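Shown next, in structure tokens, is the structure this report addresses.
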Amino acid sequence: MRNFLTELQTISCRMSRRIVLSFIFLVALSGCNLVSPVISKISASDLTVGTKVLDNGDLADETRRVPSDSKIIYARFFLDIPEESKIDLEFRWFYENNLLTSFHGRHSRGYAIATLERDPKIFPAFQPGNYRIEIWFLNTMLIDSPFLVY
């Protein structure tokens with residue numbers, strides 16, 4: 001009887017390991033896509049660019065043309081995610097298709113603002129040309145917007 005119980009425990013332990021290993025294999029096989037249901041519930045819209053923000057958070061001058069002597073360029077957008085959630089977003093700013101800077105921010109549902117600020121002591125003005133902002137969540141671009149600095 002004692003051998004039978006020992007053998008039963010050994011079989012049970014082997015089965016548990018097989019179940020765990022099978023689960024790990026299935027997760028790896030699925031490409032670790034456990035986040036994809038969350039991503040499908042995340043979107044961004046209404047991306048506008050401007051150089052002045054009102055007290056209520058709206059842009060005073062929504063535009064696609066920004067004067068080169070502006071100190072700050074604002075990008076305002078609506079982030080649609082499940083209530084009570086906060087996510088990390090990456091903001092990528094480009095000039096003539098070259099990455100200027102990238103930074104991260106934690107945001108919840110609603111309107112949010114990203115900024116591109118120049119130091120007037122170092123740069124007297126933004127270089128005229130084509131710019132673009134991209135907003136990313138993990139490896140998914142949510143929205144982008146081109147604009148011109150003149």
>> Under the 0.36 nm per residue contour assumption, what length would be gained going from the current alpha-carbon distance of residue 150 and residue 68 to full extension?
In response: 29.0 nm
>> Report the number of Lys pairs in region 36-149 whose alpha-carbons are under 30 Å apart, with separation of 8 or more residues or on distinct chains.
In response: 6
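How long are the three semi-axes of the equivalent ellipsoid of region 101-149, in whole Å, if each is the root of 5 times an eigenvalue of the C-alpha gyration tensor, listed from largest down?
Numbers: eigenvalues 115, 39, 20 Å².
Three semi-axes, in Å: 24, 14, 10.
Need the full-extension length gain, residue 43 to residue 83, defined as separation in residues times 0.36 nm minus the C-alpha distance. One decimal, nm. Please list the in-between numbers first.
Working: separation 40, 0.36 × 40 = 14.40 nm, distance 1.30 nm.
The span from residue 43 to residue 83 would gain 13.1 nm if fully extended.
Would you mind giving the three semi-axes, in whole Å and largest first, of the ellipsoid equivalent to region 40-150 according to its Cα gyration tensor? Provide the component values of the computation, followed by the final result.
On the way: eigenvalues 118, 47, 28 Å².
Over the Cα atoms of region 40-150, the semi-axes work out to 24, 15, 12 Å.
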> For residue 61, which sequence-distant residues (separation of 5 or more, or a different chain) have an amide H within less than 5 Å of its own amide H, given hydrogens modelled in the peptide plane?
Replying inline: 51, 52
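Bear in mind that the values in this text are calculations on the coordinates, not laboratory data. Everything numeric here is computed off the predicted structure, so don't read it as measured data.
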